[in-house]
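Visitor: Questions regarding the structure given below will be posed in turn.
Rule-based calculations on the coordinates, nothing more; no lab input. All values reported here derive from a predicted model rather than from experimental measurement. Here the Cβ positions follow ideal geometry from the backbone for every residue, glycine too, while neighbour counts run over all protein chains shown.
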Amino acid sequence: MSTPPNTEHILTLDCPESPGIVHAVSRFLLDHGSDIIDNHQFGDRRDGHFFMRVHFAASGGENDTQALRDDFTAVAAPFAMRWQLEPVSTRRRVLVMVSRYGHCLNDLLFRTRSGDLPIDVVAVVSNHRDHEELVTWHGVPFFHVPVTAATKPRAETRLMEIVDSLDVDLVVLARYMQVLSDDLCGRLAGRMINIHHSFLPSFKGAKPYHQAHERGVKLVGATAHYVTADLDEGPIIAQEVIAVDHSHTPDDLAAIGRDAESAALARAVRWHCEDRVFVQGRRTVVLR
Ligand SMILES: Nc1nc2c(c(=O)[nH]1)N[C@@H](CN(C=O)c1ccc(C(=O)N[C@@H](CCC(=O)O)C(=O)O)cc1)CN2
């Protein structure tokens, strides 16, 4: 008899702390003939909330994922779990937005092409045409959506048309330099990531490297965070810092900082697409 295929899945859940959560999950996996490959959990004692991410191999094929979901519903209900169960093979559909600075876009496109990031960049949207040739070379659809104060609502409507038509899972602001409306932030809550070019909460807003130079910092940094209506205030996902010194000009700091920006953004995109990030109020829990 041939051995049925093992399909790897990721089960993520969070819920109010309660006795028996781990037992209920492990019992479910045992009852479904699954092997646990990797398991991370965190119980936040401050606010009594529990987080869990289980990587497991189920005995059935991919078409049994819905059966697993149907059965897990009864496990989740008594604990009021928020949960998700996805095959590891699911590739998230990502739309990248960029303005003039293209280093983060270039890094994401390269990491995707090389297989380092297991995502599909399904579109790039920009308010400028500077990076159209690079995007087209990668075989990715490029959408030029110009923005002015007067046309911003129409530009955001066009963006959502593209997001919906391409079934986008995640929007990544790769140095996209336009403030997005409260409405758009609400519609993409939890699935839009921005890279801010400073080690937040230091140096919010415009020209953070000039602010940092004025302050005489010895580290520059970058912060990848979920986008909310409050500029640069969204839950932080990943950060990166690089040492600098008194000899560096603001332009030097910006050049040095570009590596930190690309590294922090790629890490945040990876963790989000691997279902490792949980938003808890103004913070995140990252199970890695
Ligand atoms: N609602 C939000 N929108 C955006 C966020 C956010 O957190 N919430 N992050 C920014 C990125 N960003 C800093 O990282 C940033 C981008 C743009 C501006 C800004 O003042 N833009 C001006 C236009 C500037 C220009 O045309 O060059 C504006 O929108 O009027 C500040 C911070 C992305 N959006």
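Visitor: Starting from the Cα-Cα distance between H144 and A243, subtract it from 0.36 nm times their residue separation and give me the gain in nm to one decimal.
Guide: 32.0 nm
Visitor: Given +1 on the Cβ of Lys and Arg, -1 on the Cβ of Asp and Glu, and no further charges, what dipole in debye does the range 32-160 carry about its Cα centre, rounded to the nearest 20?
Guide: Numbers: 15 positive and 16 negative charges, 126 e Å.
Its charge dipole is roughly 600 debye.
Visitor: Right, something else. For an R0 of 30 angstrom, estimate the FRET efficiency from the Cβ-Cβ distance between A77 and L166 and round to the nearest 0.05.
Guide: 0.35
Visitor: Can you compute the label reach from Q41? Point 7 Å from Cα along the Cβ direction, backbone N cut-off under 20 Å, restricted to the range 260-276.
Guide: Counting only backbone N, you get 275-276.
Visitor: Under 14 Å from the Cα of K207, which aspartates and glutamates turn up, not counting those fewer than eight places away in the same chain?
Guide: Once the sequence-local aspartates and glutamates are set aside, what remains near K207 is D232, D251, D252.
Visitor: Loop only by DSSP, 16 or fewer other Cβ within 10 Å of the Cβ. Give me the chymotrypsin sites (Phe, Trp or Tyr not before Pro) in the range 168-220 that pass, ordered by residue number. Can you show the working numbers first?
Guide: Values: sites: Y176, F199, F203, Y209; in loops: Y176, F199, F203.
Within the range 168-220, no chymotrypsin sites (Phe, Trp or Tyr not before Pro) qualify (loop, at most 16 other Cβ atoms within 10 Å).
Visitor: Right, here's the next one. Using DSSP loop states and a limit of at most 16 other Cβ atoms within 10 Å to flag GluC sites (Glu not before Pro), what is the longest stretch of the chain containing no flagged site?
Guide: Between the exposed loop sites, the longest stretch runs 18-232.
Visitor: Quick check: the angle from helix 65-76's long axis to the longest principal axis of the chain, C-alpha only, nearest 10 degrees?
Guide: 80
Visitor: Express the Stokes-Einstein translational diffusion coefficient of the chain in µm² s⁻¹, to the nearest whole number, given a Kirkwood radius over alpha-carbon pairs, 20 °C and a viscosity of 1.002 mPa s. Don't skip to the end; give the middle numbers.
Guide: On the way: Rh = 20.6 Å.
After rounding, the answer is 104 µm²/s.
Visitor: Simple spin-label model, 7 Å along Cα-to-Cβ: V179 to H32 in nm?
Guide: With each label placed 7 Å out from Cα toward Cβ, I get 4.5 nm.
Visitor: Can you give the charge dipole size of the chain about its Cα centre, rounded to the nearest 20 debye, using +1 on the beta carbon of Lys and Arg and -1 on the beta carbon of Asp and Glu?
Guide: That gives the chain a dipole magnitude of about 560 debye.
Visitor: Something else about it: Angle check, please: helix 103-113 long axis (alpha carbons) against the longest principal axis of the chain (alpha carbons), in degrees 0 to 90, nearest 10.
Guide: In the chain, helix 103-113 runs at an angle near 40 degrees to the longest axis.
Visitor: Report the one residue of L134, V54, N6 whose Cα lies farthest in the direction of the positive end of the charge dipole of the range 1-134 (charges on C-beta: Lys and Arg +1, Asp and Glu -1; origin at the Cα centre).
Guide: Of the candidates, L134 comes out farthest on the positive side.
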